[in-house]
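Data block below; observations after.
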Amino acid sequence: MAQPRTESVTLTTDRLVLRAPRESDVDAVFAACQDAEIQRWTVVPSPYRREDAEFFVRDLAPEGWRTGGNRIWCVFERGSGALVGSQGLVLRPHDPGCAEVGWWAAKEFRGRGYTVEAARAVARYGLRDLGLRRLEWHAYVGNDGSRAVAEKVGFRFEGTLRSYAEQRGVFHDAWVASLLASDPA
Ligand SMILES: CC(C)(COP(=O)(O)OP(=O)(O)OC[C@H]1O[C@@H](n2cnc3c(N)ncnc32)[C@H](O)[C@@H]1OP(=O)(O)O)[C@@H](O)C(=O)NCCC(=O)NCCS
């Protein structure tokens, strides 16, 4: 299935708005990504510099939306407008019916169910609006928080891929789970 080039898409949930990153988000992304847990469990650069937030907002996200290959959202609390996290959907050129999900939550906003709420909206968008067949979640082995989120969203655990996921030049064993369009809602 060909993925057309696309404008960015905004998703809204009860408590959150997910929209494409903007220049005005640089400070909040830079602040959130100072967190040791985000640096430990994701591929963000470590140490995380202001230029890294600028690259995320100015290059990575807009290019992903332009090509349709990589859809990245900043997630905001509807009430306060605060940045509470990020969500991503990375499509696979050699299997366009499948995409990988990714997320982080700003430290101060964890434990409120925001990541699950945002990830559900992204999963619906991927499976229903984009018509994908399969969403995949990967995490380095031991990331119990991300696994709890994935399972709450409905992802089914499939196993451990040895020496699979590269993080800054090091390959980690990774857990994998999937959510299919055909899974019961
Ligand atoms: C993992 C992470 C995204 C969870 O974000 P969050 O906003 O706290 O998640 P939610 O509030 O939506 O929590 C959903 C569920 O996960 C559970 N959970 C969260 N962290 C957990 C942990 N470390 N261990 C076990 N369960 C955990 C919560 O208890 C909650 O379940 P409950 O509703 O039954 O209480 C956040 O801790 C984070 O950003 N970690 C660093 C980056 C990261 O690991 N990204 C994922 C890479 S694969």
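The values are calculated or read from the model by the stated rules, or taken from the named source; none is laboratory data. This is a predicted model, so every value here is computed, not measured. Cβ sites come from the backbone with ideal geometry, for glycine too, and all protein chains shown count toward neighbours. Protein only, heavy atoms only, side chains kept; ligands, DNA and RNA dropped before computing areas. Shrake-Rupley method; radii C 1.70, N 1.55, O 1.52, S 1.80 Å.
So Leu132 fits all but one of (1) away from the ligand (no atom under 13 Å from the Cβ); (2) in a loop (DSSP other than H, G, I, E, B); (3) out of contact with any helix residue (DSSP H, G or I) (no Cβ under 8 Å at 6 or more places or on another chain); what number is the exception?
Failed condition: (3).
If you go through region 85-108 one residue at a time, how many are within 14 Å of the ligand (Cβ to nearest atom) and either open to solvent by less than 40 Å² (accessible area, probe 1.4 Å) or not in a helix (DSSP H, G or I) (or both)? So that I can check it myself, show each step before the final result.
First, the residues of region 85-108 that are within 14 Å of the ligand (Cβ to nearest atom): 85-90, 100-108.
Those still in the list that are either open to solvent by less than 40 Å² (accessible area, probe 1.4 Å) or not in a helix (DSSP H, G or I) (or both) too: 85-90, 100-106.
Of the residues in region 85-108, 13 are within 14 Å of the ligand (Cβ to nearest atom) and either open to solvent by less than 40 Å² (accessible area, probe 1.4 Å) or not in a helix (DSSP H, G or I) (or both).
Sort out which residues of region 143-166 are more than 10 Å from the ligand (Cβ to nearest atom) and either within 18 Å of Thr42 (Cα to Cα) or of a type outside the set (Gly, Ala, Ser) (or both), and write them in order of number. It would help to see each step written out before you state the result.
Within region 143-166, the first condition is being more than 10 Å from the ligand (Cβ to nearest atom), and the residues that meet it are 154-164, 166.
Scanning region 143-166 gives Phe155, Arg156, Phe157, Glu158, Thr160, Leu161, Arg162, Ser163, Tyr164, Glu166.
Taking Gly145 as meeting all but one of (1) on the phi < 0 side of the Ramachandran plot; (2) open to solvent by less than 30 Å² (accessible area, probe 1.4 Å), write down the number of the exception.
Exception for Gly145: condition (2).
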